[in-house]
1. Under a 5 Å amide H to amide H cut-off, with H placed in plane at 1.01 Å, what residues pair with residue 101 once short-range neighbours are removed?
2. Could you pull out every residue, at least 5 positions away or on a different chain, whose amide H is within less than 5 Å of the one on residue 50? Hs are placed 1.01 Å off N in the peptide plane, and Pro or chain starts have none.
3. Determine ³J(HN,Hα), in whole Hz, for all residues of region 14-30 in sequence, where each value follows from phi through the Karplus function 6.51 cos²θ - 1.76 cosθ + 1.60 and θ = phi - 60°; x replaces Gly and Pro.
4. Please list, in order along region 86-97, the HN-Hα scalar couplings obtained from phi with the Karplus expression 6.51 cos²θ - 1.76 cosθ + 1.60 (θ = phi - 60°), rounded to whole Hz, x for Gly and Pro.
5. Modelling each spin label as a point 7 Å along the Cα-to-Cβ direction, I'd like the residue 64/residue 2 distance in nm, to one decimal.
Amino acid sequence: MYIDTYIAIMLWAFAIFGLFYFVLRVYATWDLYRKKKNRAYTLIISARNQEDAIEGLVRGFILKAGLDSTEEKLLQVVLLDLGSTDETARIMRNLSVNYSIVKLVKPDDLTGYLKTLI
């Protein structure tokens, strides 16, 4: 006789908890989306002897940042050559000339450059 009452109380408790959890998740998602819209990032890529991969990697990041406006905004890409002996340095120089958001920085100048970003 009382089992039906206890089951109904438990079901109502779970329903209220579920509704509360749903409202909380919607608010958290909305708040995260609102905060995420105004973010801009600087990407630092260091490479040594990566002539096969560096150009595709950088162009992929630029393409992704340009196509999807709901994602984070890519403010700039900083390329750091760590003494490559192949064509990596030349490819990085060409990328910095072709794209205004790509900057080529020497390893010795990295600390000073990072201080200018703050």
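Any read-out appearing in this document is the output of simple, stated calculations on the displayed coordinates, not a laboratory observation. Worth saying up front: this structure is predicted, and the values here are computed from it rather than measured. Positions of Cβ are generated from backbone atoms using ideal geometry, with glycine treated the same way; all protein chains shown enter the neighbour counts.
1. none
2. Here 88 satisfy the definition.
3. With coefficients 6.51, -1.76 and 1.60, one gets 5, 5, 5, 4, x, 5, 4, 5, 4, 4, 5, 5, 5, 5, 5, 5, 5 Hz.
4. In residue order, the calculated couplings are 9, 8, 4, 5, 5, 5, 4, 4, 5, 5, 5, 7 Hz.
5. The two pseudo-label positions are separated by 6.0 nm.
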